[in-house]
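Q: So that we are looking at the same thing, I have put the structure below in structure tokens.
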Amino acid sequence: MRVLSGIQPTGPIHWGNYFGAIRQYIALQEKEQAFYFIANLHAFTTVRDRDKLRQWTLDIAIDLLALGLDPNKATLFVQSDVPEVSELCWLLMTGAPLGLLERCHAFKDKKAKGISADAGLFTYPVLQAADILAYDSDTVPVGEDQVQHIEVCRDLAGSFNHEYGDVFVMPKAHVLDTSSRVPGTDGEKMSKSYNNTLAVFEDAKVQRKQIMRIVTDSRPMDEPKEPVGDVLYDLYSLVVGESDREAMASLYRRGGFGYGEVKKALADAAEKFFSEPRARRAELAAHPARIREVVGDGAAKARKKAAAVLKRAQDACGVMGW
Ligand code: TYM
């Protein structure tokens, strides 16, 4: 079975990326044929600074390797190193209904926030569909926020197959579980565009300050509280084991504690949780040429697969073989 997923290089990766998606990528590399890529063409819809785009692309490669992605088990590459995907995107674009794209959350949300919409942002899900279909992917591990895009991909693949025969493999989203919607420091979904992220590789002192600044409610200390749904508790649950989580839940239910204590426990636990990857990251970052080589090898492998699928699609619809 082929597993595929992508992550945009739009800045430092955050807990939402890690707990919502990257953790699954790493688990899945053990038993499946995994393809993971850095979606720099998608990031280009928002990151217009060339130095940042380049830096963040390399940074994400380093982050993924530091967090445990093993290039001997999974294929890691950069999206734009496989130009076949952009060609496939065009074939899919011709059959993509406007109404379907207008309903996509990412486009609707950005437009609602006044971010001027261009054709790249509008057709973002079509490129994502091409990413998925180009490698005959069966499963796409993602956070909840991407499920709609996988549905669009299935719609586009379904109509193409209906018109031209069995060209594309029909993929399925694989969402970790319902708790995979990681909250940000303001309680909303953690997202770079909401400015509420905790970066995975943030300097420990800076992160502690960010955690101490999380706004909590003003209920009195002795009042018992329901833990689930509380930002601090939900974040704490991600970085501790079962017994610490249960101990914290009973503290909430008993009452008589201050949020300051929870914040301190959260900062300590987070520092410990990410300490090994942090050390690995520092080693990897010292050798960028090696990272580029690993990612380049990944692209060569990915291109072979994408070229075969693109040819299949081109043959089927008549843009080849005239
Ligand atoms: P991106 O870069 O926004 O996020 C990468 C992954 O992290 C997950 N994620 C979250 N999960 C839970 N809670 C959160 N707060 C949270 N924030 C982010 C996302 O669900 C995602 O899985 N469009 C994609 C990139 C992409 C892609 C693809 C993914 C391009 N082509 C093909 C899969 C297949 C995106 O913007 O992810």
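The values are calculated or read from the model by the stated rules, or taken from the named source; none is laboratory data. Keep in mind it's a predicted model, so treat the numbers as computed, not measured. FYI the Cβ positions are ideal-geometry reconstructions off the backbone, even for glycines, and counts take in every protein chain you see.
Q: Just to confirm my filter: which helices (runs of 4 or more DSSP H) fall fully inside the stretch 204-262 and include at least 3 residues that are among the basic types (Lys, Arg)? Before the answer, list the steps.
A: Working: elements: 204-212, 231-239, 242-254.
Filter on the stretch 204-262 gives 204-212, 242-254.
Q: Between SER243, SER191, SER218, SER250, which is under 18 Å from the mean Cα position of the chain (by Cα) and among the hydroxyl-bearing types (Ser, Thr, Tyr)?
A: Checking each option against the conditions leaves just SER191.
Q: Just checking, how many residues over the stretch 8-59 are in a helix (DSSP H, G or I) and not acidic (Asp, Glu)?
A: Residues flagged as in a helix (DSSP H, G or I) and not acidic (Asp, Glu) within the stretch 8-59 amount to 26.
Q: Still on this structure, please answer the following. Restricting to the stretch 141-163, name every residue that is among the charged types (D, E, K, R), in contact (Cβ under 8 Å) with a residue 40 or more places away in the chain and more than 7 Å from the ligand (Cβ to nearest atom).
A: Passing the criteria: ASP155, GLU163.
Q: For the list (1) out of contact with any Lys or Arg (no Cβ under 7 Å at 6 or more places or on another chain); (2) touching a residue at least 24 places away in the same chain (Cβ under 8 Å); (3) farther than 18 Å from THR46 by Cβ, I need the number of the one condition that ASP138 fails.
A: (1)
Q: OK, next. Suppose the filter is under 14 Å from ALA39 (Cα atoms) and surrounded by 14 or more Cβ atoms within 10 Å (Cβ to Cβ); does SER137 pass it? Spell out how you get there, then give the answer.
A: Details: under 14 Å from ALA39 (Cα atoms): no; surrounded by 14 or more Cβ atoms within 10 Å (Cβ to Cβ): yes.
Answer is no for this residue.
Q: Could you pull out the residue among LEU133, LEU91 that is more than 15 Å from the ligand (Cβ to nearest atom) and either under 19 Å from the mean Cα position of the chain (by Cα) or closer than 28 Å to VAL309 by Cα (or both)?
A: Testing whether each residue is more than 15 Å from the ligand (Cβ to nearest atom) and either under 19 Å from the mean Cα position of the chain (by Cα) or closer than 28 Å to VAL309 by Cα (or both) leaves just LEU91.
Q: Which residue pairs have Cβ atoms closer than 7 Å, lie 6 or more positions apart in sequence or on different chains, and pair a first residue in the stretch 279-301 that is closer than 17 Å to ARG54 by Cβ with a second residue that is outside any helix (DSSP H, G or I)?
A: Hits for this filter: VAL294/PRO71; VAL294/LEU76; VAL295/LEU76; VAL295/PHE77; VAL295/VAL78; ALA299/PHE77; ALA299/VAL78; ALA299/VAL82.
Q: Filter the stretch 164-201 down to residues that are away from the ligand (no atom under 16 Å from the Cβ), in contact (Cβ under 8 Å) with a residue 60 or more places away in the chain and in a loop (DSSP other than H, G, I, E, B) and give me whichever is surrounded by the fewest Cβ atoms within 10 Å (Cβ to Cβ).
A: GLY165
Q: What tally of residues in the stretch 64-105 results from selecting those that are among the charged types (D, E, K, R), in contact with a strand residue (DSSP E or B) (Cβ under 9 Å, 6 or more places away or on another chain) and not in a loop (DSSP other than H, G, I, E, B)?
A: Number satisfying all stated conditions: 1.
Yes or no, residue by residue, for (1) modelled with pLDDT under 95; (2) over 25 Å from VAL200 (Cβ atoms):
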{"position": "PHE19", "(1), (2)": "yes, no"}
{"position": "GLN33", "(1), (2)": "no, yes"}
{"position": "ALA96", "(1), (2)": "no, yes"}
{"position": "LYS108", "(1), (2)": "yes, yes"}
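Q: If you check PHE107 against the conditions, is it of a type in the set (A, V, I, L, M, F, W, C), over 19 Å from ALA289 (Cα atoms) and surrounded by 14 or more Cβ atoms within 10 Å (Cβ to Cβ)?
A: It is true that PHE107 is of a type in the set (A, V, I, L, M, F, W, C), over 19 Å from ALA289 (Cα atoms) and surrounded by 14 or more Cβ atoms within 10 Å (Cβ to Cβ).
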